[in-house]
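As structure tokens, the structure follows; a few thoughts come after it.
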Amino acid sequence: MDEKARTESRDKKGTVIIGISGASGVIYGIRTIKILNELGYHTEVILSKEAKKVAKVECGIDLESFFNGLNSVVYEEDQIEAPPSSSSHIVETEGMVIVPCSIKTLAEIANGIASNLLSRSALNFLRVRKTLILVIRETPLGTIELINALKVSRAGGIIMPASPGFYHNPQNINDLINFIVGKILDLLKIPNSLYKHWNSVTVNRIPCDQIS
Ligand SMILES: Cc1cc2nc3c(=O)[nH]c(=O)nc-3n(C[C@H](O)[C@H](O)[C@H](O)COP(=O)(O)O)c2cc1C
């Protein structure tokens, strides 16, 4: 997308910063960016080095080339001079989501360690008290991870475990992914119908007797 189109889109719906770290579930980040693009949002994407490795293992893709043609600007974690490094830039955005968020990146943010663009940007969101959502993906969680999650929560961040529900009658993996992405959009206050919200779930329960 050229600069003019990008600016027009940004002016219309706003910008969301999406971080993808090297946790399992890179597909959650990819789908979030795709949907935001479809809804007319501009996205600034920060990729950790490990995210690219996990994308190859899990999705068989070269993560950077995935963004060709999307309304996104992509930064590497070592581009510490990039705009999301500055709090004056992030105050103009709708929020930041790290999806999936590794326990390493969680630990850095919880302890104020701005070692790369991903953790630096997230800490900026906490400093200026803007929406920061960490979609953590690890199980089980030990005491150290729980304490780190509590620290981020107390500092104003939102901890959203990547744990899809089953009350919305999922039929396949896509439905489970959309549940998580829909929840992220809910937290960003972006209307969506990616999953059936609880008040609209009425019929078609999972046929538990047919699951072995
Ligand atoms: C295939 C694969 C899957 C991984 N899954 C997870 C995971 O689910 N959660 C996690 O915290 N780390 C996971 N890791 C380990 C992280 O990639 C590693 O801790 C890395 O240092 C995280 O760095 P980053 O947060 O800068 O991306 C995984 C690594 C690989 C290779």
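Within segment 26-66, being crowded, with 18+ Cβ neighbours inside 10 Å, farther than 19 Å from I133 by Cα and of a type outside the set (K, R) holds for V54, A55, L63, F66. The set of residues in segment 113-162 that are of a type in the set (G, A, S) and not in a loop (DSSP other than H, G, I, E, B) comprises S119, S121, A122, A149, S153. Taking S121, is it surrounded by fewer than 21 Cβ atoms within 10 Å (Cβ to Cβ), small (G, A, S) and modelled with pLDDT of 95 or more? Taking the combined requirement at face value, the residue does not satisfy it. Just so you know, in segment 91-110 the residues that are touching a Lys or Arg at 6+ places or on another chain (Cβ under 8 Å) and within 16 Å of the ligand (Cβ to nearest atom) include one that is nearest to Y28 (Cα to Cα), and it is P100.
Do we find that T139 is of a type in the set (S, T, Y), near the ligand (Cβ under 9 Å from one of its atoms) and within 16 Å of the chain's Cα centre (by Cα) in this structure? So T139 does not fit the description; no.
Give me the residue from segment 67-90 that is closer than 24 Å to V128 by Cβ and in a loop (DSSP other than H, G, I, E, B) and, out of that set, farthest from the ligand (Cβ to nearest atom).
Going residue by residue through segment 67-90, those that are closer than 24 Å to V128 by Cβ are 72-90.
Those still in the list that are in a loop (DSSP other than H, G, I, E, B) too: 77-82, 86.
Values: E77: 7, D78: 11, Q79: 14, I80: 14, E81: 18, A82: 16, S86: 21 Å.
Taking the candidates together, the pick is S86.
Checked across segment 183-202, the condition of being acidic (D, E) and either modelled with pLDDT of 95 or more or surrounded by 13 or more Cβ atoms within 10 Å (Cβ to Cβ) (or both) holds for at least one residue. Scanning segment 48-63 for residues that are free of Cβ contacts under 8 Å to residues at least 40 places away in the same chain and either touching a helix residue (DSSP H, G or I) at 6+ places or on another chain (Cβ under 7 Å) or part of a loop (DSSP other than H, G, I, E, B) (or both) returns A51, K52, V54, A55, E58, C59, G60, I61, D62.
Of the numbered criteria (1) within 16 Å of the ligand (Cβ to nearest atom); (2) touching a residue at least 40 places away in the same chain (Cβ under 8 Å); (3) of a type in the set (A, V, I, L, M); (4) surrounded by fewer than 16 Cβ atoms within 10 Å (Cβ to Cβ), the one I113 fails is (2). Give segment 37-47 a look and list any residue that's in contact (Cβ under 8 Å) with a residue 60 or more places away in the chain and under 13 Å from the mean Cα position of the chain (by Cα), or say none. Scanning segment 37-47 gives a single hit, I46. Just one of the listed residues (G25, G69) is modelled with pLDDT of 95 or more, out of contact with any Gly (no Cβ under 7 Å at 6 or more places or on another chain) and at positive phi, and it is G25.
The values are calculated or read from the model by the stated rules, or taken from the named source; none is laboratory data. No experiment lies behind these values; they were computed from the predicted model shown. Here the Cβ is made from the backbone with ideal geometry for all residues, glycine too, and neighbour counts use every protein chain on show.
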